[in-house]
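The values are calculated or read from the model by the stated rules, or taken from the named source; none is laboratory data. Not measured: the values here are computed from a predicted model. Positions of Cβ are backbone-derived with ideal geometry, glycine not excepted, and every protein chain shown enters the neighbour counts.
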Amino acid sequence: MIKVCALSELDNRKPFAATVDDVDVVLVREGERVHALADLCSHAAVSLSEGEVSRKGIECWLHGSCFDLETGKPSSPPASEPVDVYAVDIRDGDVFVDVTVTTN
Ligand code: FES
């Protein structure tokens, strides 16, 4: 687990881009929970962190596929493959991510 940031640095439902162990990750805070997904759309190589978060997940800005924050699965085409979702821990107000452990 690597410390990425303080929980207080994350705005609710606003994507936060980070690099963890050379892996590009997008963090999305939902209240006291934080999701960490691969910051790379599975359809083409663009950053999901440049998209917006809705109730359905994080939406790719290029073609609109929306990826579930828990499962990494796209709910709509053109993307058909999930993106990795990584293990997150919140300790003492800090956010830790382990990109060697996927949870989906
Ligand atoms: S590049 Fe993300 S849906 Fe096409």
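Assuming ALA36 fulfils every condition listed in (1) in contact (Cβ under 8 Å) with a residue 60 or more places away in the chain; (2) within 13 Å of the ligand (Cβ to nearest atom) apart from one, which condition is it?
Result: ALA36 fails condition (2) only.
Could you give me the residue pairs with C-beta distances under 6 Å whose first residue belongs to the stretch 70-85 and is without any contact (Cβ under 8 Å) to a residue 24 or more places away in the chain and among the small types (Gly, Ala, Ser), whose second residue is within 9 Å of the ligand (Cβ to nearest atom) and part of a loop (DSSP other than H, G, I, E, B) wherever it lies, and which are 6+ apart or on separate chains?
Close Cβ pairs (under 6 Å, with a partner that is within 9 Å of the ligand (Cβ to nearest atom) and part of a loop (DSSP other than H, G, I, E, B)) amount to SER76/SER65.
Is the stretch 43-55 home to any residue that is within 18 Å of ASN104 (Cα to Cα), in a strand (DSSP E or B) and not aliphatic (A, V, I, L, M)?
No, the conditions are met nowhere in the stretch 43-55.
Run down GLY57, GLY51 and say which single residue is on the phi > 0 side of the Ramachandran plot and at pLDDT 95 or above. Before you say what the answer is, go through the steps one by one.
Working: GLY51 fails: on the phi > 0 side of the Ramachandran plot.
The conditions single out GLY57.
Do you know which of the residues in the stretch 39-65 that are touching a residue at least 40 places away in the same chain (Cβ under 8 Å) and in contact with a Leu (Cβ under 9 Å, 6 or more places away or on another chain) is farthest from VAL95 (Cα to Cα)?
Within the stretch 39-65, the match that is farthest from VAL95 (Cα to Cα) is CYS41.
If you go through the stretch 79-103, how many residues are of a type outside the set (A, V, I, L, M), loosely packed, with under 14 Cβ neighbours inside 10 Å and farther than 15 Å from ALA18 by Cβ? Spell out how you get there, then give the answer.
Quick first cut of the stretch 79-103, residues of a type outside the set (A, V, I, L, M) only: 80-82, 84, 86, 89, 91-94, 96, 98, 100, 102-103.
Narrowing further to those that are loosely packed, with under 14 Cβ neighbours inside 10 Å: 80-81, 89, 91-93, 100.
Next cut, farther than 15 Å from ALA18 by Cβ only: 80-81, 91-93, 100.
Count: 6.
Please pick out the residue among ALA45, ALA6, ALA17 that is within 12 Å of the ligand (Cβ to nearest atom), aliphatic (A, V, I, L, M) and surrounded by fewer than 21 Cβ atoms within 10 Å (Cβ to Cβ).
ALA45
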